[in-house]
Amino acid sequence: MEKIKFEQFIKTTPQEIKALIEKSKNINQTLAYHNEGCVYNHIEITYEIALKTEDADLIISAIFHDLGKMECTKSHPTRPDVWTAYGHEYISTQILKRHREWIVEQGANYNNVFFIVENHMRMHLYNEMRKVKQDKLNVHSCFEKLAAFAKIDKMIANKEGALTSETHLE
């Protein structure tokens, strides 16, 4: 997959994806978990980090993993500056299904991307899961990619406020 910057890559995506990415600029996230701010910033940074892996499955997963947030993000009813997006990964997989052909044209394995997008939130709770639930994920042929993507998706800010990932891909 060709290494091109986020904004250039988005120009090559299907119209629905372009529209969702544009809408993501106005979708807030809870700063305690996403100090990069809106969903657009998060997807862009996740894409740029995934690009360093040169793995088409991870790169395409970075684009799709949070697209469902545009349909389900809501402000918390009693806690200001807290936003919820329960079920966004399911909505993201529905969007992904509509673009199977495009995903394959990008050189990604559709089934791997689907598994990563569907399970990316589970990986954030992996260590708290019962062993039987961990084993359900572990046996999948794409588990290692899912684990790698979870590291890419989990961003932290360094002392200067610059966003980094807990993966050290450089």
field: Residues of segment 141-152 satisfying the condition of being under 21 Å from Thr46 (Cβ atoms) and surrounded by fewer than 14 Cβ atoms within 10 Å (Cβ to Cβ)
entry: Glu144
message: Can you confirm whether Ile60 is open to solvent by less than 10 Å² (accessible area, probe 1.4 Å), at pLDDT 95 or above and either of a type in the set (Phe, Trp, Tyr) or closer than 24 Å to Phe114 by Cβ (or both)?
response: yes
- prompt: Which residue pairs have Cβ atoms under 6 Å apart, sit 6 or more places apart or on different chains, and have a first residue in segment 39-50 that is closer than 17 Å to Asn26 by Cβ and a second that is charged (D, E, K, R) and open to solvent by less than 40 Å² (accessible area, probe 1.4 Å)?
  reply: Val39/Asp66; Val39/Lys69; His42/Glu36; Ile43/Asp66
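Okay, residues lined up against (1) closer than 16 Å to Lys145 by Cβ; (2) within 12 Å of the chain's Cα centre (by Cα); (3) at pLDDT below 90; (4) of a type in the set (S, T, N, Q):
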| site | (1), (2), (3), (4) |
| --- | --- |
| Lys52 | yes, no, no, no |
| Pro80 | no, no, yes, no |
| Tyr90 | no, no, no, no |
| Ile95 | no, no, no, no |
| Ala108 | yes, no, no, no |
- request: Quick one: which residue in Asn112, Asn127 is touching a residue at least 12 places away in the same chain (Cβ under 8 Å), part of a helix (DSSP H, G or I) and either surrounded by 22 or more Cβ atoms within 10 Å (Cβ to Cβ) or not acidic (Asp, Glu) (or both)?
  value: Asn112
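Could you grab me the full set of residues in segment 35-50 that are within 12 Å of the chain's Cα centre (by Cα) and open to solvent by 10 Å² or more (accessible area, probe 1.4 Å)? Full working, then the answer.
Quick first cut of segment 35-50, residues within 12 Å of the chain's Cα centre (by Cα) only: 39-50.
Tyr40, Asn41, Glu44, Ile45, Glu48, Ile49, listed by residue number.
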task: For Met155, work out the one condition from (1) on the phi > 0 side of the Ramachandran plot; (2) modelled with pLDDT under 85; (3) surrounded by 10 or more Cβ atoms within 10 Å (Cβ to Cβ) it doesn't fulfil.
output: (1)
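If we scan segment 18-28, do we find a residue that is open to solvent by 60 Å² or more (accessible area, probe 1.4 Å) and at pLDDT below 90?
For segment 18-28, residues open to solvent by 60 Å² or more (accessible area, probe 1.4 Å) and at pLDDT below 90: present.
The values are calculated or read from the model by the stated rules, or taken from the named source; none is laboratory data. Remember, it's a predicted structure, so these values are computed and weren't measured experimentally. A quick note on method: Cβ atoms are made from the backbone with ideal geometry, for glycine too, and the neighbour counts reach across all protein chains shown. Note: areas computed on protein heavy atoms with side chains; ligands, DNA, RNA excluded. Shrake-Rupley method; radii C 1.70, N 1.55, O 1.52, S 1.80 Å.
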